[in-house]
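Where a number appears in this text, it was derived from the coordinates with a stated rule and is not lab data. The shown structure was predicted, so the numbers you read here are calculated from the model rather than taken from an experiment. All Cβ positions, even for glycine, are placed from backbone atoms using ideal geometry, and neighbour counts span all protein chains on display.
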Amino acid sequence: MATGPRIDGGPDFIGVGAQKCGTSWIGHVLRQHPGILFSRKEVNFFVRHFHRGYGWYHRWFADRGSRKAGEITPNYLYSPRPDRARLQFYPRWSPRDLLLFWRRHPSARDEIHDRYGPGVRVFAIFRNPVDRAWSHYWFWRNRKERIGKASRVRPFRTMFEDDGRWIRTQGFYGRLVAHWRERFPDMGLFLYDDLRSDPLGLARAIYRFVGVDDSFVPEFEKKVNKGEYPPMPSGEREYLARVYREDILRFSALVGRDLSRWFGGER
C-alpha cells in the first residue's frame, strides 16, 4: 500500500467501476474524509481526456498536502471500448469519433499500471448485473427523453441484445476483473449488497483500502444519484439471469462470496 503522496503527482487510488453500482455513493463517502482529497468524480482521463496529457491529470491531485488523493471513473473498467462510433451514440451511428481519430484511446488498465506501477490502489464496486443493466437502461432512456431525443429510445431487450452503450458488456464482471487482476492482483472488490446492508462497514473497508483512518464516520442520510424507474418484468429478469449465470459464478469465485442470490434478483 502506498504510504504517502505519489512522487510524480499522480493519484494514490483510482476507482474504475462499475457504472450504476454505487460509485457516486463511494465518492460521497471519500469526499467527507479529512485524510482524502477527492475533488471530482469521473475525471475520465484515460477514456476521454488522454490527449490533454498527464500534467492536466495530475492537477486534480495537486492540493493533496499530506492527504491521499484519487478519483473514480466507472468507464475505466472496460476501456478501450469497442465499436465506439456505433455504440457510443446508439442507436444512430455518428461520425464524431472518426473526426477525432487523432485522439488515442488507451487501455486504462495498462496505462495506469505502466505509469504508476502496481502500488496505486485500484478498486471497483459491483451490483447484481441483472439489476445493473436495468438501471443503466433507464438512466440512458430518461436522459434521452429529458434532452428531447425520445425518438432515439429503444426497448430494453433490443438495447441489451445490441449491447447499445455497452449495457450487456459491462455486466460480465468475472471476465473484466480477471483481466484487471492480471496487472493489479490486489485490486479491491466491493459489493453494492454491502452498501444496502452495512453502509458503515463498507465505508470503513474502503477507507482501509485506500490507506486512511477507518474510524471516521461519514454522513449517510443523503441519497446519492438515486434513479427512479419501474420494476423489471419477471421475464426480463429470468432472461438476464441466464445470460449472466456463468459469469456470476466466475465472479463469485474471484470475490470469495456466495452470490447465488443474484440469480433471483435484487430483493
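Entry note, the chain: the mean residue ellipticity at 222 nm calculated from DSSP H runs of n ≥ 4, each adding -39500 (n - 2.57), is -11500 deg cm²/dmol after division by the residues and rounding to the nearest 500. Residue-wise HN-Hα couplings along the range 149-166, as the Karplus relation 6.51 cos²θ - 1.76 cosθ + 1.60 with θ = phi - 60° gives them from phi, are 10, 4, 5, 8, 6, 10, x, 4, 4, 4, 4, 5, 5, 7, 6, x, 6, 6 Hz; Gly and Pro carry x.
Counting every other Cβ atom within 10 Å of each residue's Cβ, VAL153, VAL47, VAL16 order from fewest to most as VAL153, VAL47, VAL16. Couplings 3J(HN,Hα) of the range 15-20, computed from phi: x, 10, x, 10, 5, 6 Hz, in residue order, whole Hz [Karplus 6.51 cos²θ - 1.76 cosθ + 1.60, θ = phi - 60°; x for Gly and Pro]. Taking the Cα centre of the chain as reference, the dipole from Cβ charges on Lys and Arg (+1) and Asp and Glu (-1) amounts to some 960 debye.
Scoring 131-137, 166-172 by mean Cβ neighbours within 10 Å over their residues and listing the highest first yields 131-137, 166-172.
Amide H contacts for ALA69 (H built 1.01 Å from N in the peptide plane; partners 5 or more residues away or on another chain; cut-off under 5 Å): ASP12, PHE13, LEU37. Can you check what the net charge comes to around ARG181, using other residues whose Cβ is under 13 Å from the Cβ of ARG181 (Lys, Arg +1; Asp, Glu -1)? So the environment of ARG181 carries a net charge of +2. Neighbours of THR23, meaning other residues whose beta-carbon lies under 9 angstrom from its beta-carbon, give a summed charge of +1 when Lys and Arg score +1 and Asp and Glu score -1. Mean separation of Cα pairs under 8 Å and 6 or more residues apart, divided by the residue count, gives the chain a relative contact order of 25 percent. Residue-wise HN-Hα couplings along the range 25-37, as the Karplus relation 6.51 cos²θ - 1.76 cosθ + 1.60 with θ = phi - 60° gives them from phi, are 4, 4, x, 4, 6, 5, 4, 7, 6, x, x, 10, 9 Hz; Gly and Pro carry x. Put simply, the amide H of LEU191, placed in the peptide plane, has neighbours under 5 Å in PHE126, leaving out anything fewer than 5 places away on its chain.
If each residue's Cβ is checked for other Cβ atoms within 10 Å, how do ASP247, ASP8 rank with the fewest at the top?
ASP8, ASP247
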